[in-house]
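Some notes on the structure that comes next.
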Amino acid sequence: MAKVSIGLRGWRFEEDEIFTDDEELKPLDEIPEDPRERLVRLVTLVEEPCDVCYLEHGDEEINRCRQAEIVYGEPEGEVLLCAEHEPDLLYWFRDAGGSEYKGSVEFADRFHEWVAAGNEAPEGYGSVEHVDEDPDGLPDLPDQQEVQERLEEDFQGERIDIVELAGKERSDEELTEEELAESDLDLSTDYPSDR
Ligand SMILES: [Zn+2]
């Protein structure tokens, strides 16, 4: 089964989960939940700056940040990197305890803290080789710009559907005060303060 990256290196998709036999992007509702979540998230990430550049320069010097080329981690807890800063993430992950947070949305926060504390990969630390695994011969993928546009179209559609759905659910089923109180309670236990 061929795996492909779209927009940014890093996250990989099973080709037949997201593309039709004609190599068109499938409608979002035909894509399994996990890859769909990543695709929708990717749309919001492709134009973002590298996290390490951003930590160095901040909003004031956003023009000095390089655009992200690589994404690692889970949706909502992902790390974005330019090629120059990828070794920092790799070093943190392999040699500085980062792999402990694999699969967790804490992944990004812990890496950002490590970088903010002044850590970086040793000089000359190797970058991974990004060779497409190509056992059966990958068909040509649609042009990246096209994929992006289709994703955005579908993404807009998806948002409208969610809003409609939310509206229906709200009118069908009003929250009782008791449920609201419970949800407050859940919020405070789900997000304890770190310090
Ligand atoms: Zn960077």
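Annotation: Ser104 fulfils all but one of (1) under 18 Å from Ile6 (Cβ atoms); (2) surrounded by 13 or more Cβ atoms within 10 Å (Cβ to Cβ); the unmet one is (1).
Looking at Glu23, Glu61, Glu56, Glu47 in this structure, which one is within 15 Å of the ligand (Cβ to nearest atom), surrounded by fewer than 19 Cβ atoms within 10 Å (Cβ to Cβ), assigned to a loop (DSSP other than H, G, I, E, B) and not hydrophobic (A, V, I, L, M, F, W, C)? Break it down into steps so the answer makes sense when it comes.
On the way: Glu23 fails: within 15 Å of the ligand (Cβ to nearest atom); Glu61 fails: assigned to a loop (DSSP other than H, G, I, E, B); Glu56 fails: assigned to a loop (DSSP other than H, G, I, E, B).
Result: Glu47 is the single residue among Glu23, Glu61, Glu56, Glu47 that is within 15 Å of the ligand (Cβ to nearest atom), surrounded by fewer than 19 Cβ atoms within 10 Å (Cβ to Cβ), assigned to a loop (DSSP other than H, G, I, E, B) and not hydrophobic (A, V, I, L, M, F, W, C).
Residues of the stretch 64-80 that are away from the ligand (no atom under 12 Å from the Cβ), within 18 Å of Glu113 (Cα to Cα) and not acidic (Asp, Glu): Val71, Tyr72, Gly73, Gly77.
Every number in this text was worked out from the coordinates using simple rules, so none of it is lab data. Note that the coordinates shown come from a computational prediction; the quantities given were computed from them, not determined experimentally. Positions of Cβ are backbone-derived with ideal geometry, glycine not excepted, and every protein chain shown enters the neighbour counts.
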